[in-house]
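Worksheet: one structure, shown below.
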Amino acid sequence: MLLLLSLVVMTASAQITLKGIGHDNRYKKNKETCQMETEYLGWNNTLQKSIFIVENGIYGMTWNGSSLSAPEKDPAVVKEEIKGNNEKEIWANNFNMMYGNSGACYVNGKLVTVSSRDESSTVDEELFRVCKWDAKTGNLLSTEIRPKSDHLESAGMSYNPKDGKVYGLFYLTGNQLSEEITSDPEYFADQDDDMTDGDAGYAICTVDLKTMKVTPITPGLYYYNFITFAINSEGRAFALTSGGSNAVPGEDGKQRDIDNKLTGAQLYEFDLTTGLMKTKAVQKTDSETGELYTDYEPLVGATGYSSQYRRQAACFAKSNPNKMYWVGYFNSGKGVNEWGSWSSLPDKDWETNGKYDTSLYEVDITTGEATRLANVDKRWIFSALWVEGDDCSDDASIDPFNPGGDIPTTGNFIAIQQADNGSIWQHVEMGQQYSYFIEASEGWKVHSVTFNGSQLTVEENVVVTPAVSLQYNRLIVTYEQQATAIEQAPAATPSKALILGSAEGVHIANAKAGDQVTVCGVDGRVVYSRKLSGTYADISLKPNTLYIIKVADKVVKVKL
């Protein structure tokens, strides 16, 4: 009986289900570009928009100890069940935004995806779309556009069960660091003329998933092409770099250098308290002088597989902190040509040459060596990865969506936020529009109205929302009064700046670089003062509070 029980436990522990946000980067037959498949369902009169089904979404695959199932969309999007059903068409169409090309994170049944978008094909106008999801139902809970200055590009984000925080490797610029660091003569300053924002690299940071505020904890930046970031159940943080090698894979499929040491993608461990890489001291001999010296090498080592500098993901099972699961590339963009040689090839023949194939690996965190478990069907890749039912974030107390306080958990709602009265949650129906008559108090006027971060037009004190397409929506009204405690300083040309309410405070738009922004409480105390480096800014402020805000010559009072 005991023997039988042990066999059952061993069999169960060998099988895991990995889920993630899938990306299909394959070239399609008869197409010149690499893109996801899209199917047009038709025009939705209620929403006044076209409805599409795309391959974006949540995918699951099971490793049973000997084979890996093909990734399948979960929840599935079935055309016959969706077409003609207004609410399901909205749900399916929302998957268009489930894309984490700038990073993604899973925490206890909720997902946060960050995708970069470039409105005018210029770096200066790059924006981030942040979406928050229910990982079980695929419901889109909220979406907002964040500015480039938020620095939300990451190699990955992961929940730390030891302190309840989310960490990530975020791509920062040198001007985010303190002068104490940047003025250090030993500080590495990148001289790349194209680096218009200054010295840039990755840094260990915390991120508040409610506000998406990124806070660096490292004293410096790291100049590696990181491709993953994951934290295990013991609170240890690991990251993989992309690594390429021309070495022909050995009989075990792994690449080695001339000293027969594993090469390829490198595993690093980080100290989350300092943000520093963990290293070990190694005695070396100077080849010219023969003198001994001490060098510092990574605490871990190479995987043995060359991986691409493309979006990848890794995670740990809560029950096993010593093995990291990684879905990544393995062939340096090479494949087998028609003569049987290992060489660089065009991507369009991926089905036969194996270029850019992806695999599921187990990575030993004590050595860095990876074991390739199986190839991933049709070379799917992921921007976030978690172990279903055994993830390190299971039972986490944080909620990436909830901004604080109790909110409805069933149905669809609009939170109406105005003045200093908090929010009113109104039950609404998917696909419907809602109108509101807004009446300001004597001496006040409506300054702006936003719906899910987008400004609405107010006509004769009435605003009409777009058709509701999210489970949780937010309508924010801010009010303006000319009398102010801040002395006005008239400008030559009246400012066209707008102060728009947001979930975290205010968003300033249409300003000019160099404009002075000052925020005061009603008691005159300055809570924020800074010159704008661009035409917009986001300022985090306390809710249910009256503020006086000045941008150039424009002065308003707003109640958030």
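The values are calculated or read from the model by the stated rules, or taken from the named source; none is laboratory data. Here the structure is a predicted model, which means the values were calculated and not measured. Here the Cβ positions follow ideal geometry from the backbone for every residue, glycine too, while neighbour counts run over all protein chains shown.
Any chance segment 338-346 includes a residue that's within 22 Å of Met157 (Cα to Cα) and either of a type in the set (A, V, I, L, M, F, W, C) or surrounded by fewer than 16 Cβ atoms within 10 Å (Cβ to Cβ) (or both)?
No, there is no match, as no residue in segment 338-346 is within 22 Å of Met157 (Cα to Cα) and either of a type in the set (A, V, I, L, M, F, W, C) or surrounded by fewer than 16 Cβ atoms within 10 Å (Cβ to Cβ) (or both).
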- Looking at Val556, Val527, which one is out of contact with any Cys (no Cβ under 8 Å at 6 or more places or on another chain) and part of a strand (DSSP E or B)? Val556
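Results for (1) at pLDDT 85 or above; (2) assigned to a loop (DSSP other than H, G, I, E, B); (3) in contact with a Phe, Trp or Tyr (Cβ under 9 Å, 6 or more places away or on another chain), shown as yes or no for each residue.
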| site | (1), (2), (3) |
| --- | --- |
| Gly22 | yes, no, yes |
| Lys31 | no, yes, no |
| Leu41 | yes, no, yes |
| Ile53 | yes, no, yes |
| Ile58 | yes, no, yes |
| Ser66 | yes, yes, no |
| Ala76 | yes, yes, no |
| Lys88 | yes, no, no |
| Trp91 | yes, no, no |
- Could you tell me which residue of segment 351-374 is surrounded by the fewest Cβ atoms within 10 Å (Cβ to Cβ), considering only residues that are assigned to a strand (DSSP E or B) and aliphatic (A, V, I, L, M)? Ala374
- Selection count where residues are in contact with an Asp or Glu (Cβ under 8 Å, 6 or more places away or on another chain) and modelled with pLDDT of 75 or more, scope segment 336-359: 2
- Task: For segment 260-268, state whether one or more residues are surrounded by fewer than 16 Cβ atoms within 10 Å (Cβ to Cβ) and at negative phi.
- Result: yes
- Task: Looking only at segment 442-458, decide whether some residue is modelled with pLDDT of 85 or more, more than 23 Å from Leu541 (Cα to Cα) and more than 33 Å from the chain's Cα centre (by Cα).
- Result: yes
- Message: Looking at segment 335-377 only, could you name the residues that are within 30 Å of Asn322 (Cα to Cα) and without any contact (Cβ under 8 Å) to a residue 12 or more places away in the chain?
- Response: Thr371
- Message: Step by step: first the residues of segment 44-74, then only those that are under 30 Å from Glu429 (Cβ atoms) and surrounded by fewer than 11 Cβ atoms within 10 Å (Cβ to Cβ), then the one that is nearest to the chain's Cα centre (by Cα). Which residue is that?
- Response: Gln48
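Any idea which residue in segment 200-233 is surrounded by the fewest Cβ atoms within 10 Å (Cβ to Cβ), counting only those that are aliphatic (A, V, I, L, M) and not in a strand (DSSP E or B)?
Ranking the qualifying residues of segment 200-233, first place goes to Ile217.
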- Task: Working only within segment 461-476, note down all residues that are in a loop (DSSP other than H, G, I, E, B), among the polar types (S, T, N, Q) and either in contact (Cβ under 8 Å) with a residue 40 or more places away in the chain or buried (at least 20 other Cβ atoms within 10 Å of the Cβ) (or both).
- Result: Thr465, Ser469, Gln471
